[in-house]
Amino acid sequence: MRLTLEQIKAITVGSVRTEAHSDGIHFAKCTEKQEKAWLEKKEELYDRSRATTGVRLDFHTDSKTLAFKAISGSKYEIKIDGLTVAVYRPEAGDVISHKICDPLGHMGGEHRVTVVLPSHNAPAVIEYVELDDGSYVNPHIFDCKMLFIGDSITQGWASSLDSYSYAYRVSDFFNAESIIQGIGGAYYNEDSFDHIDFAPDFVFVSYGTNDFSHYKTYDEFKGHCHEHLSLIANEYKGKKIFVISPIWREHREGKAMGTFEGCRQIVIDEANSFGFIHVDGLTLVPPMPSLFHDEYLHPNDNGFSFYAENLIKTIKNIM
């Protein structure tokens, strides 16, 4: 049984645009306006804005098999009942087939199936999705909605599996439908803001470490930070908005702006000025190079575990 476009849209999570093109079904975590804004800054930022970070198919079914044809995207993760059971790295045009069963191979009954699309390379394109004839497909029901806005750390840049990033883990813990607009190399840039057809209960904003390198003065950075947060404040009035100040990093000297501490303080002051909930990034990941993939900036899987666990504690206290 081949799913219709409408059925695929119904089970798609994390995409602001799900469209049928001549080569297959395309998914996008950002609007066209957002993608264009990053293209005007740098082509690689545009490419990363088009990666399908956070996009997944999430549904319940009694089918015993799942199959889909991957036109682009080099890594697809399959989760059954919340547990990662397989990672596929197809060539363009490969058909991925997977049995839907428990960890011991027993088939039958209903299972929750999650197909995690690639987070870091070219945007995922799927030609079709197939289940057993006569089976049902019901979208997963979530308890809340979350929007994550940020840089490569929010994108889960160095996680070995896309679902190991802090944004995925927090989403899973709270059974949250989420959009993860993490873009490697991104920074506070008001031109990248746009309205999306999504009403989150919680918004997380996490920039700063790239701003430290990108902007030349404190005043320049403060202006862009203020303008970007102002747009977020206006769009999401009445929602719980968390601003995460930069986490620990090495290489804190030699930047034109000044000190890393000064950069962090601007984020903190601006967050407080809007009445947002400030989460101190220094409390999330221990300052140990062994918890970072590159030993100075991007958390590895263990680092993301600390990030997610400590952010979850903060959210639970607020809730």
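The values are calculated or read from the model by the stated rules, or taken from the named source; none is laboratory data. Not measured: the values here are computed from a predicted model. Glycine also receives a Cβ, built like all others from the backbone with ideal geometry; neighbour counts cover every protein chain displayed. For the accessible areas, the whole protein counts, side chains as well, though only heavy atoms, and no ligand, DNA or RNA atoms are used. Shrake-Rupley method; radii C 1.70, N 1.55, O 1.52, S 1.80 Å.
Summary of computed values
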item	result
By average C-beta atoms within 10 angstrom, highest first, the peptides 21-33, 69-81, 126-138	69-81, 21-33, 126-138
q = 0.12 Å⁻¹: log10 I(q)/I(0) that the Debye formula gives for the chain, counting C-alpha atoms only	-0.80
Full-extension gain in nm, HIS60 to ASN302, via 0.36 nm per residue minus C-alpha separation	84.1 nm
Difference of contour (0.36 nm per residue) and Cα-Cα distance, ALA10 to LYS313	106.0 nm
Mean Cα-pair separation over length for the stretch 98-196, i.e. relative contact order, pairs under 8 Å, 6 or more apart, %	26
Between 0 and 90°, nearest 10: helix 32-41 axis offset from the chain longest Cα axis	50
Virtual spin-label span in nm between ALA67 and MET1, 7 Å along Cα→Cβ	1.6
Accessible area in square angstrom per residue, the chain, 1.4 angstrom probe	42
Förster radius 22 Å - calculated FRET efficiency between ARG89 and TYR128 (Cβ-Cβ, nearest 0.05)	0.70
Out-of-range pairs (alpha-carbon distance over 23 Å; input LYS33/LYS255; LYS41/LYS222; LYS42/LYS255)	LYS33/LYS255
Anisotropy class of the stretch 145-264 from Cα gyration tensor, a/c 1.5 cut	oblate
The stretch 287-319 and the stretch 52-68: distance between their alpha carbon centers, rounded to Å	28
Diffusion constant of the stretch 109-202 at 25 °C, which comes from Stokes-Einstein with the Kirkwood Cα-pair radius and 0.890 mPa s, µm²/s	160
Cα-projected label distance for GLU235 with THR217, points at 7 Å along beta-carbon direction, nm	2.9
Label-point separation, THR259 to ASP294 (7 Å along Cα→Cβ), nm	2.4
Beta bridges per DSSP with both ends in the chain, % antiparallel, nearest 5	70
Qualifying aspartates and glutamates (Cα of each under 16 Å from Cα of LYS316; at least 8 residues distant if same chain)	ASP143, ASP172, ASP201, ASP280
The stretch 239-319 - percent relative contact order, Cα under 8 Å, separation 6 or more	32
Span from the the stretch 148-185 Cα centroid across to the the stretch 189-224 one, whole angstrom	16
Relative contact order (%) - the chain, alpha-carbon pairs under 8 angstrom, separation at least six	16
List PHE174, PHE306, ordered by accessible area with a 1.4 Å probe, largest first	PHE306, PHE174
Contour excess over end-to-end distance, with Cα ends at HIS251 and LEU39 and 0.36 nm allotted per residue	73.6 nm
Within the accessible area of the chain (1.4 Å probe), percent carbon and sulfur	48
